[in-house]
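Notes to accompany the following structure.
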Amino acid sequence: MKGDYEGLENIEIGKRLLHARKDKDLTRIELGKMINLHESTILRYEKGLIKNVSLDILKQFAEALGVETKFLIGWEQKEVKEKTKEVLITELLRALAKDGIIKDINNIPIETLELLVKTIHLMNNGSL
């Protein structure tokens, strides 16, 4: 099927997925929640055990991991792409949760998130 990658290439794709996930400091459970896959399925992708890896799923992985789809396929070595505000805020919240500053990143009131964003803007403008 056109757009699918099989065999040895799947093992290489899996290695890149694992590398990108670890670089983002994500568990398989966290990544799975981001793209609606079970952690065991993520493991199978990382080990290259999924026979037909679709371009659509690679795009989902790439978006969640902040890398280019071309990197996952092996067409490009540069793996970092410009991060969206949402990705940056999510990474910040995860870091704060990991340090014990925030208990549950999924239950933060919108007002708190807005205040966090305003504070970051003020810091960037030199106002703080």
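Some points to look at:
- Here Glu68 does not qualify as surrounded by 14 or more Cβ atoms within 10 Å (Cβ to Cβ) and either modelled with pLDDT under 85 or of a type in the set (Phe, Trp, Tyr) (or both).
- Residue under evaluation Ala20, criteria (1) at pLDDT 90 or above; (2) aliphatic (A, V, I, L, M); (3) touching a Gly at 6+ places or on another chain (Cβ under 8 Å); (4) part of a loop (DSSP other than H, G, I, E, B), criterion not met: (4)
- Single residue of Glu111, Glu82 found to be within 29 Å of Asn124 (Cβ to Cβ), surrounded by fewer than 12 Cβ atoms within 10 Å (Cβ to Cβ) and at pLDDT below 80: Glu82
- Counting only residues that are within 20 Å of Thr90 (Cβ to Cβ) and surrounded by 15 or more Cβ atoms within 10 Å (Cβ to Cβ), the stretch 19-48 holds 14 of them.
The values are calculated or read from the model by the stated rules, or taken from the named source; none is laboratory data. This structure is a prediction, so every number in the text was calculated from the model and none was measured. Ideal geometry is used to build each Cβ from the backbone, glycine not excepted, and the neighbour counts take in all protein chains shown.
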